[in-house]
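Right, one structure below, let's go through it.
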Amino acid sequence: MMNSLRRVMQAEVPTLAIDLIEVEENSSSMADEVISHRLGLIPLNSVDLESVLYSRDCDCEQYCENCSVKLTLHVKCTSEENMNVYARDLIVDPNRPNQTVGVPVITDPEGNGCLIAKLNRGQEINLACIAKKGIAKEHAKWMATTAIGFEYDPHNNLRHTDLWYEKNAKAEWYVSHNAKYEEPVAEGTPFDYDAPPKRIYMRVESTGQIPPDQIVQEGIKVMQQKLAGLIHSLIDDDQGGDANTGYNGPQSPEYGGGDGGSAWGGGAPGDGFTTPYNTGGNQSSWGGAGAGGGTTPYGTTPYGSSGQSGWQ
Amino acid sequence: MAHFTNPRHFNLQEPAFELFLLQDGEKKITEEIFTGMSNTSDFTMLKEDHTLGNLIAEHLKAAPHVMMAGYKIAHPNVPEVLLRVQTDGTITPREAVVEACKQLVAAYGQLGREFQKEFAFRQIADQGEQANAMGLNGHH
């Protein structure tokens, strides 16, 4: 479950990135394509992306103010010295879905942002960019995360990995920074080969377009939409769906893509059905053995082989 | 018939969004009863990958009344997941899959809420610590 979340956060959390460029003038030493590629990779603020449509879902011909943000870049080097063109030189068109979206992310102390190109005297770049919403499955420029650290069992108590060693594995291997949250198993304890991992550590690093905590929430939402899509699809086969399923929400191609108001929005407490997992406190569904009461075998691990007992 | 095109490799020529967008008339998930085993169905999920395949298959393996669950992605270039589920007959494979999905949605919902809560607590705690540190400096 957490691995799916990781995959989704990396590949399917939507962001905004420059997708179309019209080059008016480019006398720099870099080819149009190279500059275009560099522009595409510039992180643009994507915090409030709900109000931005995917261009393919939009009513407009190619792109419009509801599904894109226009940025222009017009720079010319007039001085003797070489001139640097930075992301801060991009001018965001005020006609855009909302007032935060599409602004280049600038985090360096000088306030420059990414370096786009260097110009010699007399060289000029003049172009217009169209930034669109997309996901990293289509192109990596839409990735919201730079890296996600993912780990469980930092002391290798469950022996899911076999640590290579010259003389002594303990002395030769670094302990991860997550190790302080867990105790290494005491020497001589009988080994429970069937113990499930109970804690999973994730470290989410953002590109700056969306803060990491929001990426997690967005990832969860995307996962829920995916699963909801499946449920819809399966229940629709059952002729109109049972009234008591409660899954008869609005059926757009993208569930909950609107204002997050669908039943799957993921925020509201009480999702309309109960699950044996919810009783387990803050543990994941795989975590607490028997959290859902004696009848459920959900406490068994996907890694072990003893699941049989629970399957009656 | 095209002579050389291998349908398995259609993605090499197609645009990237073919990986995740359903074409007109395509259905997200279709069920086909597998006659080789009792109470068994094969589900084909289009435009999906290991994210859903692994998640659902692993979840089903731990579910009551499910005898067997497994998934495969026949070719890495083809965004289709085949999920085979066998139940003990008290519920249909389809019911098992729907139930698994519902539980996962709920579990993710809970995860989101817990995360939001914990994150807010953490932020407040951090602010408190900062305020404390500043207060100490002020009293120097």
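From a point 7 Å beyond the Cα of A:ASN120 in the direction of its Cβ, which residues of region A:23-51 have a backbone N at a distance under 11 Å?
It comes to A:28-30, nothing else.
Per-residue counts of other Cβ atoms within 10 Å, averaged by peptide: what ranking do you get for A:136-145, A:180-189, highest first?
Working: A:136-145: 20.0, A:180-189: 9.7.
Sorting A:136-145, A:180-189 by mean packing, highest first, produces A:136-145, A:180-189.
At 1.4 Å probe size, with the rest of the protein present, what percent of the exposed accessible area of region A:17-141 is carbon and sulfur atoms?
Summing carbon and sulfur atoms, their accessible area is 44 percent of the total for region A:17-141.
Quick one: if you stick a label point 7 Å off each Cα along the C-beta vector at B:ASN132 and A:VAL34, how many nm between them?
5.4 nm
So what is the accessible area of region A:15-142 per residue, in Å², with the probe set to 1.4 Å? Walk me through the numbers before you get to the answer.
On the way: 6450 Å² over 128 residues.
Result: 50 Å² per residue.
Tell me the relative contact order for region B:25-132 as a rounded percent, counting alpha carbon contacts under 8 Å between residues six or more apart. Walk me through the numbers on the way to the answer.
Numbers: 146 pairs, mean separation 24.9, N = 108.
Relative CO of region B:25-132 lands at 23 percent.
To the nearest 0.05, how large is the calculated FRET efficiency for A:CYS60 and A:SER176 if R₀ is 56 Å and r is the Cβ-Cβ distance?
Working: r = 49 Å, r/R0 = 0.88.
That pair, A:CYS60 with A:SER176, gives E of 0.70.
Evaluate Rg over Rh across region A:39-92, taking Cα atoms for both radii and Kirkwood's formula for Rh. List each step's numbers first, then the result.
Values: Rg = 15.3 Å, Rh = 13.7 Å.
Result: Rg/Rh = 1.12.
Using protein heavy atoms only (no ligands, DNA or RNA), what is the total accessible area buried between A and B, 1.4 Å probe, nearest 100 Å²?
Details: alone 19110 and 10350 Å², together 24890 Å².
Summed over both sides, the interface buries about 4600 Å².
How large is log10 of I(q)/I(0) for region B:25-132 at q = 0.17, 0.22 Å⁻¹ when the intensity is taken from the Debye formula with one equal scatterer per alpha-carbon?
The Cα Debye sum returns log10 ratios of -0.80, -1.14.
Using only alpha carbon pairs under 8 Å that are at least six residues apart, calculate the relative contact order of region A:37-170 and give it in whole percent.
Working: 197 pairs, mean separation 38.7, N = 134.
Normalised by residue count, the contact order of region A:37-170 is 29 percent.
In nm, what is the difference between 0.36 nm times the number of residues separating A:ASP48 and A:HIS139 and their Cα-Cα distance?
Extra length from A:ASP48 to A:HIS139 when fully extended: 30.7 nm.
Cα gyration tensor of region A:15-142, axes a ≥ b ≥ c as square roots of the eigenvalues: rounded (a/c below 1.5), prolate (a/b > b/c) or oblate? Walk me through the numbers before you get to the answer.
Details: a/c = 2.08, a/b = 1.74, b/c = 1.20.
Prolate, since a/c reaches 1.5 and a/b exceeds b/c.
Ignoring ligands, DNA and RNA, what accessible area per residue does region B:25-132 give at 1.4 Å, in Å²? Could you put the intermediate results ahead of the total?
Values: 5050 Å² over 108 residues.
Result: 47 Å² of accessible area for each residue.
Measure off 7 Å from each Cα along the Cα-to-Cβ vector at A:THR78 and A:GLU205, then give the distance between these two points in nanometres to one decimal.
4.1 nm
Have a look at region A:127-172 and report residues whose accessible surface goes down by 30 Å² or more when the remaining protein chains are included, against the chain on its own, probe 1.4 Å, ligands and DNA/RNA excluded.
When all protein chains are present, A:LYS137, A:GLU138 each give up 30 Å² or more of accessible surface.
What distance in nm lies between label points placed 7 Å from Cα along the C-beta direction at A:GLU187 and B:GLN116?
4.9 nm
The values are calculated or read from the model by the stated rules, or taken from the named source; none is laboratory data. This one's a predicted model, so the numbers in the text were calculated from it and none came from an experiment. Glycine also receives a Cβ, built like all others from the backbone with ideal geometry; neighbour counts cover every protein chain displayed. All accessible areas refer to the heavy atoms of the entire protein, side chains included, with ligands and DNA or RNA removed. Shrake-Rupley method; radii C 1.70, N 1.55, O 1.52, S 1.80 Å.
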